[in-house]
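Report on the following structure.
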Amino acid sequence: MNLRKICSIVLAIIMIILGIYCIFTPDITYLNLAYMIGISILFDAIGKIVNWWHYRKENDISDSWLLVSGILSCIFSVILLSDGLFQFALDMTIVYMIAVWILVSGIIRIVRSFKIRTLYKETDLIGRRWWVVLTFGIILACIGILSLMNPSLLILTIGVNIGLAILISGCNMLTFALM
């Protein structure tokens, strides 16, 4: 077995363990979301600065906006990673944005169901099933309202979804490493 396969297997096992951990501790997973975003922004900033440096040396062209973007991203990521209040604000903003998105999606489905009913009448298969769209719209609207009133429900859901995504990615990586 070569080094690449061994590293892939080890990383896959770590991802599977982390995914299981995230599923069983969704609140902690969610509260670390700001760190994940901050680290992603930092990697993006480093990539922009390295690309600026590479383009400047190779093409003798200096794209100063790329450098400015990299520096600003770096500053933002350092602030995000070091300030707990800013992290909390970002976490709560994400939760409320998702709750509003769910509520608006539900309202749109409710309105759309009545449009389907009048547009297709009761003669078409779609027209006879308008109530299905209405039902899902009402369910989504209720979930959106509940999420706005009690964001902890949505926090748990987001944490479990992140855990499932990491777990599935780890299993996928392990499958490809063993091929």
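The values are calculated or read from the model by the stated rules, or taken from the named source; none is laboratory data. Computed from a predicted structure; not experimentally measured. Don't worry about glycine lacking a Cβ; one is built from the backbone with ideal geometry, like all the others, and counts go over all protein chains shown. Ligands, DNA and RNA are excluded from the accessible area calculation, which covers all protein heavy atoms including side chains. Shrake-Rupley method; radii C 1.70, N 1.55, O 1.52, S 1.80 Å.
Relative to the longest principal axis of the Cα atoms of the chain, helix 64-82 runs at roughly 80 degrees. Heavy atoms of the protein chains alone define the surface here; on that basis the chain has 66 Å² accessible area per residue at 1.4 Å probe size. Counted residue by residue at 0.36 nm each, then reduced by the alpha carbon distance between them, the extension gain from Val50 to Asn32 reaches 3.8 nm. Which of these values of P(r) over Cα pairs in 10 Å bins from 0, in percent was calculated from the structure shown: (i) 10, 38, 36, 14, 2, 0; (ii) 9, 35, 36, 17, 3, 0; (iii) 10, 19, 23, 24, 16, 7, 1? Correct label is (iii). Here the stretch 1-159 is assigned +1 on the Cβ of each Lys and Arg and -1 on the Cβ of each Asp and Glu. Its dipole about the Cα centre then comes out at about 740 debye. Placing unit charges on the Cβ atoms of the charged side chains and taking the dipole of the stretch 1-138 about its Cα centre, the candidate lying farthest along the positive direction among Val132, Leu90, Ser73 is Val132. Here each label is just a point 7 Å from Cα along the line to Cβ, and for Glu58 and Met97 those points are 3.2 nm apart. Expressed as an acute angle from 0 to 90° and rounded to the nearest 10, what is the orientation of the C-alpha long axis of helix 33-59 relative to the principal long axis of the chain? With both axes taken from Cα atoms, the answer is about 50 degrees. Of the trypsin sites (Lys or Arg not before Pro) found in the stretch 50-111, not one falls in a DSSP loop while having at most 10 other beta-carbon atoms within 10 Å. With the helix formula -39500 (n - 2.57) applied to DSSP H stretches of n ≥ 4, the chain reaches a computed 222 nm mean residue ellipticity of -31500 deg cm²/dmol. Annotation: Lys48 carries an accessible surface of approximately 50 Å², with a 1.4 Å probe and no ligand, DNA or RNA atoms counted. Principal-axis analysis of the Cα atoms of the chain puts helix 151-178 at an angle of about 60° to the longest axis.
If you roll a 1.4 Å probe over the stretch 29-179 with all protein chains in place, what percent of the accessible area is carbon or sulfur? Taking all protein chains in place, the stretch 29-179 shows 74 percent carbon and sulfur surface.
Mind running the shape call on the stretch 84-179? Use the C-alpha gyration tensor, a ≥ b ≥ c as the square roots of the eigenvalues: rounded below 1.5 for a/c, prolate if a/b tops b/c, oblate otherwise.
oblate
Ligands, DNA and RNA excluded, the heavy atoms of Ile143 present near 80 Å² of accessible surface to a 1.4 Å solvent probe.
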